[in-house]
1. As I understand it, the value is the acute angle between the Cα axis of helix 184-201 and the longest principal axis of the Cα atoms of the chain; what does it come to in degrees, rounded to 10?
2. Taking springs between alpha-carbon atoms closer than 10 angstrom, which of 21, 125, 94 fluctuates most in the Gaussian network model of the chain?
3. Normalised by the number of residues in segment 206-246, what is the relative contact order in percent for Cα pairs under 8 Å and 6+ residues apart?
4. Taking the Cα centroid of segment 149-179 and of segment 39-73, what is the distance between the two, rounded to the nearest whole Å?
5. For the chain, what's the relative contact order in percent, using C-alpha pairs closer than 8 Å and at least 6 residues apart?
6. Order these by the 10 Å Cβ neighbour count, fewest first: 87, 11.
7. Can you compute the helix-only [θ] at 222 nm over the chain? Use -39500 (n - 2.57) per DSSP H run of at least 4 residues, normalise by all residues, nearest 500 deg cm²/dmol.
8. With angles folded into 0 to 90 degrees, how steeply does helix 86-96 sit against the dominant principal axis of the chain? Use alpha carbons for both and round to 10.
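Since every read-out is calculated from the coordinates, none of them should be taken as a lab result. Just so it is clear, the structure is predicted and the values come from calculations on it, not from any experiment. Positions of Cβ are generated from backbone atoms using ideal geometry, with glycine treated the same way; all protein chains shown enter the neighbour counts.
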């Protein structure tokens with residue numbers, strides 16, 4: 001297991017300190033993130049929104065250790081990610097980061113229970129049957145533990161992905177457009193489930209989305225525009241999020 005040496009307060013799950021990310025573009029550069037400074041509190045449910053090209057995906061990749069900033073520091077669970085080798089980052093993500101994507105990424109030959117336990121098995125860690133059972137119950141999959149992914153609906157498959165993201169008790173769960181492949185009703189059920197389970201478990205969730213309805217599930221919304229922070233909303237409503245996104249689109 002990766003040894004953690006915290007360098008940020010325990011009540012901060014994700015910290016960006018003047019983070020910039022530049023990509024080569026011919027003789028020049030494209031600035032995907034521009035000196036972003038932000039704290040995401042531990043145990044919070046935060047949505048990240050912005051117009052196309054605002055830097056949402058780059059933000060998520062840097063926050064999760066999938067990409068490295070050109071300047072500045074990223075700390076996750078109190079640990080600075082810069083300076084880690086590729087192998088160290090891989091181990092760190094496996095043990096301390098959960099992911100929920102639009103694509104469920106379930107292994108077709110594994111059962112629901114086996115898919116949920118996969119991150120622990122890959123890390124060589126023992127599955128806690130009590131914790132596993134609690135997650136299966138929390139996401140509403142009791143009685144479906146031995147089914148294969150092909151026997152599940154889209155909503156059920158995403159529930160498996162949520163439980164899998166939580167099985168290792170990660171510092172942060174990153175959800176990237178997790179309801180994009182679901183119909184509106186099922187998507188709302190999955191988002192409400194993610195928020196409820198996260199609240200019950202004290203889990204930090206960062207949701208990257210373009211959907212105002214999805215963002216309104218969160219406790220707060222952080223907006224990006226042209227790679228920079230462009231405000232936030234606390235206790236957001238669909239109407240308030242939509243209005244803010246419209247303002248950003250007009251400015252673009």
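1. For helix 184-201, the angle is close to 90 degrees.
2. 125
3. Values: 45 pairs, mean separation 15.2, N = 41.
It rounds to 37 percent for segment 206-246.
4. Segment 149-179 and segment 39-73 have Cα centres separated by 20 Å.
5. Relative contact order of the chain: 26 percent.
6. Neighbour counts put them in this order, fewest first: 87, 11.
7. -10500 deg cm²/dmol
8. That helix lies at roughly 60 degrees to the long axis.
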